[in-house]
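First comes the structure, then the notes that go with it.
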Amino acid sequence: MNSSKVIDLRKIYKRFYVGTPNELEILHGIDLTVNRGEFVSIVGASGSGKSTLMNIIGALDRPTLGEYNLNGIDICSAKDGELSHIRNKQIGFVFQTYNLIPRNTALKNVELPMMYAGISSHKRRKRAEELLEMVGMGDRIKHTPDELSGGQKQRVAIARALANEPSIILADEPTGALDSSTGRMIMDLFHKLHRERGITIILITHSNELAEETGRILTLMDGRIISERRGGAYAEGQHTPCAQ
Amino acid sequence: MLKDNILLALSELKANKMRSLLTMLGIVIGIAAVISIMILGDGMKRYTVDVMSSPESRRVYFFIIQNAQEDIYDDAKYDESVREMRRSDYFSSKTFDKLQESFSDRLEGISLDRDLGQMKVGSESINVCGVNPTALSLKGEIKVIAGRGISSDEYNKGKAVVIIPEKKAKSLYGSVENALGRSLECKKNNELNCYTVVGVYHKEKESMMQDMLFGSSGEPAFVPYANAATVAVTDDCFYSFSAVAKQDTDLNGLAEDLKKSINNSFYKDNDAYKADVLVLEDALKSVGQIISLMKLVLMAIAAISLIVGGIGVMNIMVVSITERTREIGTRKALGATNGNIRTQFLIEAIIICMIGSAVGVGLGLLLGKFMSSLMGIQGVATLGTIAISVSFSMIFGVFFGFYPASKAAKMNPIDALRYE
Ligand SMILES: Nc1ncnc2c1ncn2[C@@H]1O[C@H](COP(=O)(O)OP(=O)(O)OP(=O)(O)O)[C@@H](O)[C@H]1O
Ligand SMILES: [Mg+2]
């Protein structure tokens, strides 16, 4: 096993069964490997299967056919409980709609993955405070989601995704609901995490400019990867407005 | 983890105050009903036990029926054409004297009382009742709290002495001590009766209900029977009387013997009437049985209301889980196992039930105390009853929370996240 290989997808098929006869194949044999420390973006038209693929990578969903190895673990044969554990320890999700737990403070939200990991309340509080400080939300730790703006919510969500020091961050259109300058700020945060912590990031976006900043750009069309190229046009301090 | 779940459940309940309250209400009512019915049942049981051990339970009741009748309930043989009762058909003090003499070994006494009715004392009114010691023993738990009771000499000689109830002493003379030695002047139909107050009594276990209905005038002043008999306008004839047996006497045997004795002497040559007897103990026993049956029925109703409350909890949990589908999806994405989710919602259900039952226990205790004081009984809820009903509500929480919690636990994370 190549230790630098984090994600290894082989001939992944995903079919949905909507009603008895209507079998809907969304992914048609995806092959994808992602190495440790890579920043990969996935682009493609709406409905091309980006989120479906991301859910499989995040061990939220199982492929209908194919092999998937995550850090050497065979996801397809893992039990539900093991998948929960993998999501908890190895993966950090960032969603377009933030998905913070309502009525819980920013602090509680960031503590949540650590709570499921069984970390003591003292330790997780300390770490949650550090993480919130890092994403620039140190002064808002007691605020509940309904008291935060979209960009602030997304920063809390990123802090939450980092809670258990995952090897991968999966971000499905994290800037999709934000204006361009706020989106820029979130994107800068991802770059910082990537550069300073060497975290592997997979980003789904509809913005070509944002995609260009990442190391590798995959284009998905109708459930197939139709192109793959190098990017890397990111330089700190540069403030390209991100097109929505 | 458990602590986190408890805190989480509490904050969830706080966030939906109205809904939580309404959900708890079902449990509160159910538990309160169970507890108060248990208290009432206990009180009634104590009451019947008390009555069973009082002179009341050793009482046999005599009355007059037509010769042809088997017993008092024998309406079929009741004959309209039988001649009306004459003076000589009634019981008289002669009957009583003879019985008391010949059955002195088994008979404690014959209850003689004569109600003189309501009399005026200044602007107040009071009921005056002539009693002999046996009759007084049947009047409930009379406790002399000041002065003394009526002595046997005063009973025998029919002295004009009286014991008055506590409340009357206060309203007539200001205080209990003040009443002693005073002369009670009662007027009825312009006839004046004077009694010396020798004692003040307090009646135990007077119910609040009786108090509200009759006020303190419901409790009479007692004077010796022999004294009242001289005042009485009625003659020395009684349609019925009660005899009280000595302790540990076979009541049925005594009743039969007394009846035989009366019928073989006073009613031997009577062409139309004879004496018959009822033993009250039997009636008391069946009352006791009816009470325990009633308690069972009420308990069943209370249990049903508790179940309805539990279903209310389940209903709310199902709604809440549907509402929080996305949250459940997010939790799963962050690494919550099915077990984590199940525990979270189970604890929420259990907490609703526990808070509800705590309030219910409090309410039930108050309600039970209030109702038993209204009924003049003294019931207590044992720690056991409370423990049982609270643990039942916990079991309810688990039982009715389990289905919704499992439903939440089994949600597919993707479907839950995509839920609109
Ligand atoms: N649970 C499901 N049942 C049936 N069809 C589904 C299900 N999930 C996804 N699909 C279908 O799969 C296709 C791809 O969906 P997906 O969400 O992956 O698209 P996407 O590339 O993420 O689009 P967007 O950019 O709009 O987010 C869509 O046509 C969708 O209808
Ligand atoms: Mg999508």
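The values are calculated or read from the model by the stated rules, or taken from the named source; none is laboratory data. These numbers were taken from a predicted model, which means no experiment stands behind them. Ideal geometry is used to build each Cβ from the backbone, glycine not excepted, and the neighbour counts take in all protein chains shown. Surface accessibility is based on the protein's heavy atoms, side chains included, excluding ligands, DNA and RNA. Shrake-Rupley method; radii C 1.70, N 1.55, O 1.52, S 1.80 Å.
Just name one of A:Leu218, B:Asn264, B:Val279: the one whose Cα is farthest towards the positive end of the charge dipole of the protein assembly as shown (beta-carbon charges, Lys/Arg +1, Asp/Glu -1).
A:Leu218
Which value, in Å³ per residue, describes the convex hull spanned by the Cα atoms of region A:1-141?
Once divided by residue count, the hull of region A:1-141 is 162 Å³.
My understanding is that a pair violates if its Cα-Cα distance is over 30 Å; which of B:Lys98/B:Lys139; A:Lys153/A:Lys192; B:Lys45/B:Lys98; A:Lys153/B:Lys3 do that in this structure?
Among B:Lys98/B:Lys139; A:Lys153/A:Lys192; B:Lys45/B:Lys98; A:Lys153/B:Lys3, the Cα-Cα distance tops 30 Å for B:Lys45/B:Lys98.
Structure shown: which of A:Lys14/B:Lys410; B:Lys143/B:Lys246; B:Lys203/B:Lys295 lie over 24 Å apart, alpha-carbon to alpha-carbon?
Exceeds cut-off: B:Lys203/B:Lys295.
Taking +1 at the Cβ of each Lys and Arg and -1 at the Cβ of each Asp and Glu, which of B:Ser242, B:Pro224, B:Met52 sits farthest along the dipole of the protein assembly as shown towards its positive end, judged by Cα position relative to the Cα centre?
After comparing all options, I get B:Met52.
Any idea what diffusion coefficient region B:290-394 gets from Stokes-Einstein, in µm²/s, Kirkwood Rh on alpha carbon pairs, 4 °C, 1.567 mPa s?
D, rounded to a whole number, is 79 µm²/s.
What is the ratio of the Cα radius of gyration of region A:141-242 to 2.2 N^0.38 Å, with N the residue count, to two decimals?
1.11
Region B:56-280: percent of C-alpha pairs farther apart than 25 Å?
Summing the P(r) tail past 25 Å for region B:56-280 gives 48 percent.
How much of the accessible area of region A:103-243, probe 1.4 Å, is carbon plus sulfur, in whole percent?
Roughly 48 percent of what the probe reaches on region A:103-243 is carbon or sulfur.
Can you give me the Rg/Rh ratio for chain B, using Cα atoms for both radii and the Kirkwood formula for Rh?
On the Cα set of chain B, Rg over Rh gives 1.22.
Under a point spin-label approximation (7 Å from Cα along Cα-to-Cβ), what is the A:His122-B:Lys410 distance to one decimal in nm?
The two pseudo-label positions are separated by 4.2 nm.
Can you compute the helix-only [θ] at 222 nm over chain A? Use -39500 (n - 2.57) per DSSP H run of at least 4 residues, normalise by all residues, nearest 500 deg cm²/dmol.
Helix-only estimate at 222 nm: -10000 deg cm²/dmol.
How much accessible surface area, in Å² rounded to 10, belongs to the heavy atoms of B:Ile414 with a 1.4 Å probe?
10 Å²
What's the magnitude of the charge dipole for region B:1-57 around its Cα centre, counting Lys and Arg as +1 and Asp and Glu as -1 at the beta-carbon? Answer in Debye, nearest 20.
320 debye
Count neighbours as other Cβ atoms within 10 Å of each site's Cβ, and list the chymotrypsin sites (Phe, Trp or Tyr not before Pro) in region B:27-77 that are DSSP loop with at most 11 such neighbours.
B:Tyr73
Helix-only estimate, please: 222 nm mean residue ellipticity of chain B, summing -39500 (n - 2.57) across DSSP H runs of length 4 or more and dividing by its residues, to the nearest 500.
-18500 deg cm²/dmol
Between B:Lys98 and B:Glu70, what's the calculated FRET efficiency when r is the beta-carbon distance and R0 is 30 Å? Round to 0.05.
0.75
Report P(r) for the protein assembly as shown: all Cα-Cα distances, bin width 10 Å, range 0 to the bin holding the largest distance, values in whole percent.
Using 10 Å bins, I get a P(r) of 3, 12, 15, 13, 10, 7, 7, 7, 7, 8, 7, 4, 1, 0 for the protein assembly as shown.
Let me check something: with ligands and nucleic acids excluded, how do A:His206, A:His28 order by accessible area (1.4 Å probe), largest to smallest?
Order by accessible area, largest first: A:His206, A:His28.
Would you work out the charge dipole size for the protein assembly as shown about its Cα centre, treating the Cβ of every Lys and Arg as +1 and the Cβ of every Asp and Glu as -1, and quote it to the nearest 20 debye?
My answer is approximately 2380 debye.
Averaging over all projection directions, find the projected area of the Cα convex hull of region B:135-208 and quote it in nm² with one decimal place.
Computed as one quarter of the Cα hull surface, the answer is 5.9 nm².
For an R0 of 56 angstrom, estimate the FRET efficiency from the Cβ-Cβ distance between A:Arg195 and B:Val318 and round to the nearest 0.05.
E between A:Arg195 and B:Val318, to the nearest 0.05, is 0.70.
Positive end of the charge dipole of region A:1-95 (Lys, Arg +1 and Asp, Glu -1 on Cβ, about the Cα centre): tell me which of A:Phe39, A:Gly19, A:Tyr68 has its Cα farthest that way.
Most positive-ward Cα: A:Phe39.
Explain nothing, just the number: dipole magnitude of chain B about its Cα centre with +1 on each Lys and Arg Cβ and -1 on each Asp and Glu Cβ, in debye rounded to the nearest 20.
In debye, rounded to 20, chain B gives about 2100.
How fast does region A:28-68 diffuse by Stokes-Einstein, in µm²/s, taking the Kirkwood radius from C-alpha pairs at 20 °C and 1.002 mPa s?
This corresponds to a translational diffusion coefficient of 186 µm²/s.
Please calculate how many Å² of accessible area the protein assembly as shown carries per residue, with a 1.4 Å probe and no DNA, RNA or ligand atoms counted.
Roughly 48 Å² per residue, with all protein chains present.
For region B:371-385, just list the computed ³J(HN,Hα) in residue order, Karplus coefficients 6.51, -1.76 and 1.60, θ = phi - 60°, integers in Hz, with x standing in for Gly and Pro.
Values per residue, Gly and Pro as x: 5, 6, 6, 4, 8, x, 10, 10, x, 10, 8, 6, 4, x, 4 Hz.
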